[in-house]
Structure formats: C-alpha cells, structure tokens
Amino acid sequence: MENIKQKLIAFSKKIGIDILGFADKSRFREVEAKYNPFSIFPEGNTVILLGKRICRGTLRGIEEGTNFSDYQFFTRHGLEDHFLTTDCYDLTRILEDDGWEAVPIFPNPTEVFAQGVSVSEDRPAPNVHPDFNYAAVATGVGEISWSGMVFTPEFGSRQRFHMIITDALIEPSPILEDKICDECGKCADACPLGAISKTEYETVEICGKKMKVARIDYSLCAKCKNGAVPNRFITSGKPDRIAALCNRTCLQHLEKESLVKNIFENQFRQSKEWALDINGNYKKNAGEDDVINL
Ligand code: SF4
Ligand code: SF4
C-alpha cells in the first residue's frame, strides 16, 4: 500500500509539479517565530515545498528589450496566483483524503498583511509568513546563490514556490549537497548599477548547509530599469530580480556551463545585452564574456 509520501510524489508528477521537497519540524527549530511555518500550525510535523518552473521563454521579451509585460502576467500573476495555487490546493486534497490536516501557504512577504498585535503574549503577531528561501534549503530543493536567490539543480533561479504545512509525518528530503552557483561573479559584473558586490559576502547557514551570499544594495535594485520588477505586494519590499540583467546573465552562464539540468537546444543570450543606467540612459555593460559574436 502506498504511503502518503508516495501518493504525494505520484500525484505531483501527474499534475505537472516540477519541484517537491519535504522537511520535518526539527529543521525549523532555529527559525524566528514570525517566519516559522509552525507558528501557523504548531501541531504540524512536516513542511512541503512545491515549485513550478518559470518558462525560459517568458524572459525572452525582456532579454530582447521588446516586451516587459508577458513575464509579469505569466510568471508572477499566472504562476503564483493560478497555476501553483491550483496545484497546492489539489495536494492539500490528497492529504485531507488521507486524514491529514494540510495548511496551504502563499508566498507573501511578512510585512504585507501584518497587523502588529498579538492575540496573546506567547504568540507572534499576525500575519506570520514563512521564510521561503529558508524553506527551499530546508526541504532540500535548492540553495541560496551569491546573488541572494533560490537556485534549484533543474532550473537555477527559474521557479516559484507554494508551501503546505501538514501534521502528516513524512520522511524529509536530503539537504542538497551539490553546489549550483559557482561564485563566478558574472551577476556582479553585469549589474550596471554596481548593486552586487563581487568580494563582500555573508555566510548563510541553513540546516548545516553553508552558502556565500553577496552584499547586495537592494535600494539600487529598486531603481533598476534592466528588467527588475517592483515587489507586487509592498513597495518597500525587495524587487523581483529574476528577469533583471544580473540574473539573465547568470542564467546564460548556468546553462553554458551545464550547472543546471534544464538545457536548451539554443543558448539563451542571442545578441549583445542591453543595459540602462539608473536614469534610464543607455549604458555599455561590463559583462561581455557570454555574448556571442553574431
Ligand atoms: S552569476 Fe555566477 S556568482 Fe552570480 S549567482 Fe550566477 S553562478 Fe552565482
Ligand atoms: S536588479 Fe538591477 S540593480 Fe539589482 S543587481 Fe540586478 S541588474 Fe543590478
């Protein structure tokens, strides 16, 4: 007879979930209450992280500098609000059919719906929203890169996640041992605003996995006109940098060096990259290593 983990894996494959990882409660022991999934469901035992890829083609219009809106429609609103929401809901149904409570969690930044007043002295204020970067490492699906983003072995930075907290006891996935980001510094070289340091970093440790994360000036990223998208929930939040020049340059590098598994027939970068300075003026970019000669 199938156990619940086998059922979840089989169903996820069937409905097209690209990434699935499991972490037990002990992996969140050190996490502050306001970012801890088990503040939401203290009787829970397992965190499940499910992810779907950001299609490489949704970055094409931004790479060419000719279409910025399709990325947002498909990979922000479509992926997070519809495709993943439906899959997350369907997985909770599998758990409920087996008799387990399953709490679906949307990837909001904590600040968005904060009410600031605890309902009792021993509880964090609503709304607790779990740290998805932490959860990605804790569930074994990925790492945090030099550029401060979640990378998975399949897609690098090209995915988004939803989460489920359940009281089912599920065997945790192993923490990812392999490195994806090779600390090449091309993201820093490519940034026209100098927002990513090439030398200064902090070592982030999650569940025993140590990762170097660069010092990043997010106030510059908030003004970036090279494909960065403002945080859609809160204007003061970190912008979405997946389509920004730093990360598109990284994407080209990861594929070219076979550091990710999802490799394409034709390379991503097809022509000289464009770059704008902080005022939106044309700027020659320093990172030319991956530019092909046409
Ligand atoms: S460009 Fe290089 S250093 Fe930067 S995130 Fe990608 S792999 Fe890591
Ligand atoms: S989002 Fe823009 S400013 Fe920030 S690191 Fe990337 S290219 Fe630089």
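Within the stretch 52-75, the set of residues being in contact with an Asp or Glu (Cβ under 6 Å, 6 or more places away or on another chain) and either outside any helix (DSSP H, G or I) or open to solvent by 70 Å² or more (accessible area, probe 1.4 Å) (or both) comprises Lys52, Arg53. Condition first: over 12 Å from Ile48 (Cβ atoms), part of a loop (DSSP other than H, G, I, E, B) and of a type in the set (Ser, Thr, Tyr). Now tell me which residues in the stretch 125-164 satisfy that. Ser145, Ser147, Ser157 - these are the residues of the stretch 125-164 that are over 12 Å from Ile48 (Cβ atoms), part of a loop (DSSP other than H, G, I, E, B) and of a type in the set (Ser, Thr, Tyr). Residues in the stretch 122-142 that are crowded, with 21+ Cβ neighbours inside 10 Å, closer than 23 Å to Gln252 by Cα and either small (Gly, Ala, Ser) or free of Cβ contacts under 8 Å to residues at least 60 places away in the same chain (or both): Ala136, Gly142. The helices (runs of 4 or more DSSP H) falling completely within the stretch 182-260 that include 3 or more residues that are touching a residue at least 24 places away in the same chain (Cβ under 8 Å) and crowded, with 18+ Cβ neighbours inside 10 Å map to 186-190, 245-256.
Condition check ((1) free of Cβ contacts under 8 Å to residues at least 60 places away in the same chain; (2) open to solvent by 30 Å² or more (accessible area, probe 1.4 Å); (3) closer than 25 Å to Phe41 by Cα) across all residues:
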site: Ser120; (1), (2), (3): yes, yes, yes
site: Ile144; (1), (2), (3): no, no, no
site: Glu154; (1), (2), (3): no, yes, no
site: Ser157; (1), (2), (3): no, no, no
site: Thr166; (1), (2), (3): no, no, yes
site: Ile170; (1), (2), (3): no, no, yes
site: Pro174; (1), (2), (3): yes, yes, yes
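The values are calculated or read from the model by the stated rules, or taken from the named source; none is laboratory data. These figures come from a predicted structure and were not determined experimentally. Virtual Cβ from ideal backbone geometry, glycine too; neighbours counted across all protein chains shown. These area figures cover heavy atoms from the full protein model, side chains too; ligands, DNA and RNA do not enter into them. Shrake-Rupley method; radii C 1.70, N 1.55, O 1.52, S 1.80 Å.
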